[in-house]
1. Using alpha carbon centroids, what distance separates the stretch 230-293 and the stretch 175-211, in Å?
2. Which residue fluctuates the most in the chain, going by a Gaussian network model with Cα springs under 10 Å, if the choices are R113, R163, R177?
3. Mind ordering 256-263, 71-78, 241-248 by average Cβ neighbours within 10 Å, highest first?
4. Summarise the long-distance tail of P(r) for the chain by giving the % of C-alpha pairs beyond 30 Å.
5. Under a straight-distance cross-link criterion of Cα-Cα below 20 Å, which lysines are reachable from K183, leaving out those fewer than 8 residues away in the same chain?
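Here, each number is a calculation from the coordinates, and none is a lab measurement. Because the structure is a prediction, the values reported are computed rather than measured. Cβ placement follows ideal geometry from the backbone for every residue including glycine, while neighbour counts extend to all protein chains displayed.
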Amino acid sequence: MSLSIPGPTSHSYFSQRLRLHYVDWGNESAPPLLLVHGGRDHCRNWDWVAEALRDEYHVIAPDLRGHGDSQWMVGGSYSYPEFVYDITQLIHQLELAPLTIIGHSMGSGISLRYAGTYPENVVKLIGIEGLGPGPRTALERMKKPPHDRMSEWIEETRGLAARVPHRYATLDEAVSRMQEANKHLGPDQARHLTNHGVNQNEDGTYSWKFDNYVRAFTPFSINMEQTQALWSQITCPTLLIRGADSWAEDPEELGIPDHFQNAEFVTMEEAGHWVHHDQLDEFLALVRGFLAR
C-alpha cells in the first residue's frame, strides 16, 4: 500500500518554548482538517488518510511533543493538558478554527478535550479508539492513595531515566517490530510507518523517534467524572470508532454515550487499535459519509 502522490511539506511552530513539527498537505483554500496521532506514533501515520482527503480539505498533521520530529521535553512531564495546549497553539497560530479534527488513541483523547474546551472551534470530530480506560478501570486507579500514586510515578520515571532506546541493527528489524505490534499491517504499510518513525544512529543502527518519557503520565490528572464533564461540552457532531479486535472496552456497554450531546459509536470488524490502518477503505467510506452530512 504505497502513496501515489508527492508527500506534504514540513513546518515548525513553538509551544512552551518547544519547537514542534507538523506537515501540511496543501490546498489552503479548502476547509481545515487536523489529524492528531496517538502515543509513540508520528504524524506520517496519517499519510493514507491525508492522501485520500487532501483534495477536499486543507490537511494538517502535527507531531506531538516528544514524538516524530518534534522536540523532546527537558524536565516536566507529558500529560493531556500540555498536549491540548500544543494543539490549541497550532490551531491559534495557523488560524485554523473553525475546523474538523480526527484523532487516534491518545490523539483522540487530546481532540475530545480540546473540543470540550473550545466547542465553538470544532465543526465535526472523529475519535478512533480514544476514550481512555473505562470508568471501572479509572475508578480503580483513583482508589489508590495519593502517596502510592506519587511513589509509583517516581519509580517509573526513574526507571525510564535508566532506559536506553532500543537499537535495531537494520531497518528490516525495525519493520518486523512494527508488524509485531500490529498484525493487521501489510508489508508496505509497516515499512512506510517505520521509515518515518525511526532515526538512524551514528553507528548505523536505528531507534524509534519518540521520547521514552512519554510512557509515564503524571500521577494526578482530572478524574473520569471531570473528563465526562468535558465530553458533555462538545456540541459538534461526533463519530467515535472502535476496532472489534481491540483491547478497548465497548463504550456503549459502559454507558459512555450518555455523556455526549451528539455522538454516534461504530465498531469496525476485523480491525484492532489502528482502525485507519487495518481497514483503510472501510474507514474512509465511513469518514466521508459522516463528513458529508
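1. 27 Å
2. With Cα springs under 10 Å in the chain, the top fluctuation among R113, R163, R177 is at R163.
3. Working: 256-263: 15.9, 71-78: 13.5, 241-248: 18.8.
Result, highest mean first: 241-248, 256-263, 71-78.
4. Values: 12557 of 42778 pairs.
Value for the chain (Cα pairs over 30 Å): 29 percent.
5. none
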